[in-house]
Amino acid sequence: MTAEEAIAASPTQDRTSNPPGPAQGRPAQTSVAQPLPDPLSQRELEVLRLLAGGASNQEIARALVVTPGTVKLHVSHILSKLGVNSRMRAILRARDLGLLPDEHTASS
């Protein structure tokens, strides 16, 4: 099962009742307002988007031209900042916050 399939099948509370955030459906920008005490950096947002696409640490490292260890560090920061303990929950939380497009509104 891909990350997208798992997210689509995952029951969550009020995922669709939240209004879209400023970053929804748009490329990363430095001025994206984030409703987090410690907002994600641009690089963390890049890693998060690749995670949401189902990429492994190795694939993310190749795409961003960094080491897998650097990717692990970014993922750790993302999980901490979003207050979750898994990649899947990070993706769901980011969608709830409008940091990632909802799978139903994203164009294929």
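The values are calculated or read from the model by the stated rules, or taken from the named source; none is laboratory data. Only a predicted model underlies this, so the values are computations on that prediction, with no experimental measurement involved. Cβ coordinates were reconstructed from backbone atoms using ideal geometry, including for glycine residues, and neighbour counts include every protein chain displayed. We work out accessible area using only protein heavy atoms, side chains counted, and drop any ligands, DNA or RNA first. Shrake-Rupley method; radii C 1.70, N 1.55, O 1.52, S 1.80 Å.
Annotations for the structure displayed:
- Condition check for LEU64: more than 20 Å from PRO35 (Cβ to Cβ) and free of Cβ contacts under 8 Å to residues at least 60 places away in the same chain: yes
- Meets criteria (assigned to a helix (DSSP H, G or I), at pLDDT 95 or above, of a type outside the set (Val, Ile, Thr) and crowded, with 19+ Cβ neighbours inside 10 Å) for ALA90: yes
- All positions within the stretch 69-87 that are open to solvent by less than 60 Å² (accessible area, probe 1.4 Å) and either at positive phi or in a loop (DSSP other than H, G, I, E, B) (or both): VAL84, SER86
- Condition check for ALA8: at pLDDT below 95, out of contact with any strand residue (DSSP E or B) (no Cβ under 6 Å at 6 or more places or on another chain) and part of a helix (DSSP H, G or I): yes
- Complete set of residues in the stretch 28-48 that are touching a helix residue (DSSP H, G or I) at 6+ places or on another chain (Cβ under 9 Å), open to solvent by 50 Å² or more (accessible area, probe 1.4 Å) and either more than 18 Å from ASP96 (Cβ to Cβ) or at pLDDT 95 or above (or both): GLN29, THR30, ARG43, GLU46
- Residues of the stretch 40-68 that are assigned to a loop (DSSP other than H, G, I, E, B) and more than 17 Å from SER86 (Cβ to Cβ): SER41, VAL65, VAL66, THR67.
- Considering residues of the stretch 93-108 that are in contact (Cβ under 8 Å) with a residue 12 or more places away in the chain and assigned to a helix (DSSP H, G or I) only, the residue least open to solvent (accessible area, probe 1.4 Å): ALA94
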